[in-house]
1. Collect the residues in the range 41-60 that are of a type outside the set (S, T, N, Q) and in a loop (DSSP other than H, G, I, E, B), keeping them in residue-number order.
2. Could you grab me the full set of residues in the range 162-199 that are of a type in the set (Val, Ile, Thr) and not in a loop (DSSP other than H, G, I, E, B)?
Amino acid sequence: MERARPTTNRRRFLKGAALAAVPYALLPDTRAGAQAQAVDYPGAEWLPASTSNYTVSSRPTSYPIDYVVIHVTQETYPDAISIFQNPAKQVSIHYLVRSADGHIAQCVRENNIAWHAGNWDYNTRSIGIEHEGWVDQPAYFTNALFEQSAKLTAAICTKYGLPKDRAHIIGHYEVPGTDHTDPGPNWDWVRYIRLVNFA
């Protein structure tokens, strides 16, 4: 005797029941796979800048990476993301660290040249990290922001063979020709470099 074929709804139900029996941890997470491929730093969230706001490159083959440049946004985290995604702004960053919890977004791949330093030579030879906050409001420089940023900087330094020191981890204000003052006088460089070295 031939069995009746299950109806479409019954097939969906049976498929759902079969999947429910599989432990959650064994199910593929397609979003996680795509996310992992899209970022250079594990755990970062991929929030890409407009392609109009950076230069495609093949670093470190095309240019050596010699610096990590530390910035402060002078904007909120969501506003900074909006700026990097706006093609009219002509600015971008490799990474952005959120103040409240140290969450990291990657906006430009490390092999590409973000437009962050205001100096083409330094743009080509650096990774830029923005930090949510204002230079005159130290409350934004939370423990989470410092700790997560230091781990990121340590990973970049290790990856590109950079010494974890102030000669290679610099503030935006130290870039030749800049008129910026970030990360400002409230940025605790001694603490930050210590965290980078212990990360």
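No lab work stands behind these numbers, since they all come straight from the coordinates. On a predicted model such as this, the values are computed, not experimentally measured, just so you know. When we count neighbours, we look across all protein chains shown, and the Cβ atoms used for this are built from the backbone with ideal geometry, even at glycine.
1. Pass one, the range 41-60, residues of a type outside the set (S, T, N, Q): 41-49, 54, 56, 59-60.
Scanning the range 41-60 gives Tyr41, Pro42, Gly43, Ala44, Leu47, Pro48, Ala49, Val56, Arg59, Pro60.
2. Applying the first criterion (of a type in the set (Val, Ile, Thr)) to the range 162-199 yields 169-170, 175, 178, 181, 190, 193, 196.
Ile169, Ile170, Val190, Ile193, Val196, listed by residue number.
Yes/no matrix, rows are residues, columns are (1) of a type in the set (S, T, N, Q); (2) free of Cβ contacts under 8 Å to residues at least 12 places away in the same chain; (3) more than 24 Å from Tyr41 (Cα to Cα):
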| position | (1), (2), (3) |
| --- | --- |
| Pro138 | no, no, yes |
| Thr142 | yes, no, no |
| Asn186 | yes, no, yes |
| Ile193 | no, no, no |
| Ala199 | no, no, no |
